[in-house]
Amino acid sequence: MISITQTICVICVICIRGLLLFQTLNCGCEDKPQINVLAVVNGVKITKYDLSIDTRTQVNLIQDSVIAARSQALNLLVSTMLLEAEAKRRGLTPAKLLELELKGKVLKPTENEARAYYEENKTRGAPDFKSVKNQVITQLMKERDTERKREFANALRVAAQVQVSDDPVTPPTSEEDLSRVYATVNGVNITSLDIEQSLLPLISQVQQQVYALRKRELDLKINDLLLEQEAQRMGISPKALVDQNVRLKVPIITDEQARAFYNEHKKSLQGDFADVKFQILDFLRQQEQQKLSLAYAEQLRRASAVQIYLTPPGPPDLRQLCCNPVH
């Protein structure tokens, strides 16, 4: 038999794993002050923690891209400063300097080299070499370009005075943190502020993606909650309410409508009308049901007190990202 002590240990392990699942590194990309309550529906709160594990996992994965980019941003800034300084010394633009350093120093792969690369990296079921030869040569050329750029950046670094901090690059949590010096290149400091400014375009993109994920699920949760509340008020099940206001109102789709759809989308459909007729009928029926569902959801919203606090993100602001409290 399993003892009480063993049972408690198992429960503790499960709880710890659950906590670790949601303990993610700070991406420094959440707009602040953060809100925990996303909406209130007839007095019932929907919080960030009511969102599904799937949505929260997708949000974490998207935000991880900022963490990864931050870890690479310092080296990128150092290389950029060295390139700009060398270009200025030679009286060139950075783009022209890179072109000169690559031209003639990166050789186009031969067919034998491309074949060897293909054989080394091919996967099961991959097309034969002949059909992908040009793509393989292009990929190999890109890798050689990248390697030459890395060699040139290292050469510039050796010839310059570069000091890099051993401290990991982390997002700032206060105004003072923005002045942290992570590297010095020929006497010029690279601070946390420089790193965060370089990340702003990525942070803006991530915030838009995160908002879209949260908004999509929030809308579904609001609709489900309104449906449950209305069903409870009427003393019937949510399914009966949906049947009454949506499913029983779906119009019959005729063969003429299906054929009209087929004729309009014939190029993207495979097979004759008879082959895809029932698929088209089902698709058009689902479309009509979706329209009715959205219309009924909107009807319920208009008759209810719904406050939504989740708002689209504006352009990211450094001091808002780092220095305001969480609400």
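Bear in mind these aren't lab numbers, they're just calculated from the coordinates by the rules spelled out. Small disclaimer: the values here were computed from a predicted structure and weren't measured. In this analysis, Cβ positions are derived from the backbone assuming ideal geometry, glycine residues included, and neighbour counts consider all displayed protein chains.
The table below gives the values:
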quantity	calculated
Choice from Ser268, Ser65, Ser237 showing the highest fluctuation, given a GNM over the chain with Cα pairs closer than 10 Å	Ser268
Separation between Cα centres of region 211-242 and region 136-160, rounded to whole Å	55 Å
Out-of-range pairs (alpha-carbon distance over 24 Å; input Lys103/Lys142; Lys215/Lys291; Lys130/Lys266; Lys249/Lys277)	Lys130/Lys266
Stretchable slack from Asn112 to Lys142, in nm (0.36 nm times residue separation minus alpha-carbon distance)	9.1 nm
Set of aspartates and glutamates with alpha-carbon distance to Lys45 below 16 Å, sequence-local pairs under 8 removed	Glu217, Asp219, Asp224, Glu228
Size of electric dipole in the chain: Cβ of Lys, Arg +1 and of Asp, Glu -1, about Cα centre, debye, nearest 20	460 debye
Selected from Ala258, Asn75, Val164, residue furthest toward positive end of dipole (the chain; charges at beta carbon)	Ala258
Percent of Cα-Cα distances greater than 30 Å, calculated over the chain	65 percent
On Cα atoms only, tilt of 4-22 relative to the major axis of the chain in degrees	70 degrees
